[in-house]
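The structure appears below as structure tokens.
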């Protein structure tokens, strides 16, 4: 727990309802939606839509959404996959013929259909108390009137603003320059688009003026997208998958997301006595790095579109697989045999969790893949196009090979942790490929070291990049730890900024009290009443 003798914050408590997310305005929006008669789903969707203007480089209407909803009466957790698909007229063979071995991040062919708006609509209709028009009103307000740019967003704007191209520069730069901290970012064009969706429903986005604007922009840039690609976009219900970690259940969504990677990583770590180690010591970092290398290697062999994925995931998560991989780890020495991946890995995203007064709980994650997605935006409405298709493989026969109508391997993973009869907790860890490692690290902090939610979020992070084999350490690790890891055979680097971000709300199933945590690596908070 926080000792109030230095920087930091303690766990937030609430008896009524709570939201934890990466920006204060989004948290306030969620709580206001609850006070207007909405439930946790209405609040989460409202807050997420607002995040599109608080952190427009990370998420937006042209992106994807994954979510889980926990019913407080039955304890059943339902999942929704709101990820888009590749255009039907595009496949890997076409791009291989053009001499490509990977899809460039800024290519028109990296743009998959945006699934977010359909996911928002399905969530509100299936679980909410209000309608989509009411839920979108706060986002319309902030799009029209603007949001003061926070410091973290200003850093990202400066670093990734140069990725913007075409209409993206018009809609997301200010006189050709990135927005600075404290300046106001507004998007009247997206406010107009949101009003159309509020008035006419999701069809306004996928079949009306907004779709036509997106389609015209994509076609003009050389895309093979069609009106049918938008019309056929649909979020799908999915059943979550889980494993037990020392009496606590880690719950994730199935492919095409990488949730199974987090489960496998936790299963590998369970084979070691993590609790006897220094939580910030070299030995723990080493074990997590080696487990990451192995789990992510399995991910790249087994995870792609959900079609036909059940048998692959069953094999990936069986005890024999975890035993075999754990046996490959030398607790004293790094293995430098790293699988080099051609397909792109993701940088960042946004996450929101909400628990309402009835204890309905939502875990929702929302992204345009790389910051500012493809860098492209629709000409009229300024819809930022995600570049999730860059995550496809162009290798013939690969499980994640680009095919028309397929969903690519996704890094987005909303999470839940439960302990039967004790607590249930929606949580998420942002940070692209780090997310699966982040889930397992957060779980281990809670279970192996008895940390509270905020401590588990605050603690230093490390990540073995599966593409390069380099082990990045945050500043919270001492130089002695870095030296020891180098001696163990790791190529150690220092992360220039904090890795991702995390949010969580723990529901005490006995007292019904809520405990929330929010990551200092972002500008958000856990807020309740």
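The values are calculated or read from the model by the stated rules, or taken from the named source; none is laboratory data. Values in this document were obtained by computation on a predicted structure and should not be read as measured data. Cβ placement follows ideal geometry from the backbone for every residue including glycine, while neighbour counts extend to all protein chains displayed.
General observations
- In the condition set (1) buried (at least 17 other Cβ atoms within 10 Å of the Cβ); (2) under 24 Å from residue 235 (Cα atoms), residue 404 is compliant with all but (1).
- Those helices (runs of 4 or more DSSP H) lying entirely in the range 402-519 with at least 1 residues modelled with pLDDT of 95 or more, within 22 Å of residue 258 (Cα to Cα) and not assigned by TED's automatic domain parsing to the domain that holds residue 156: 434-449, 453-458
- Out of 493, 486, 511, sole residue that is surrounded by fewer than 23 Cβ atoms within 10 Å (Cβ to Cβ), without any contact (Cβ under 8 Å) to a residue 40 or more places away in the chain and within 27 Å of residue 18 (Cβ to Cβ): 511
- Residue within the range 380-399 that is outside the structural domain of residue 55 (by TED's automatic domain parsing), farther than 30 Å from residue 165 by Cα, part of a helix (DSSP H, G or I) and touching a residue at least 24 places away in the same chain (Cβ under 8 Å) present: no
- Which numbered condition residue 162 misses (of (1) surrounded by fewer than 24 Cβ atoms within 10 Å (Cβ to Cβ); (2) in a helix (DSSP H, G or I); (3) within 22 Å of the chain's Cα centre (by Cα)): (3)
- Residue selected from the range 167-188 under the condition closer than 18 Å to residue 106 by Cα and in contact with a helix residue (DSSP H, G or I) (Cβ under 8 Å, 6 or more places away or on another chain), by the criterion surrounded by the fewest Cβ atoms within 10 Å (Cβ to Cβ): 173
- Entry remark, the range 335-365: residues being surrounded by 19 or more Cβ atoms within 10 Å (Cβ to Cβ) and at pLDDT 95 or above number 12 in total.
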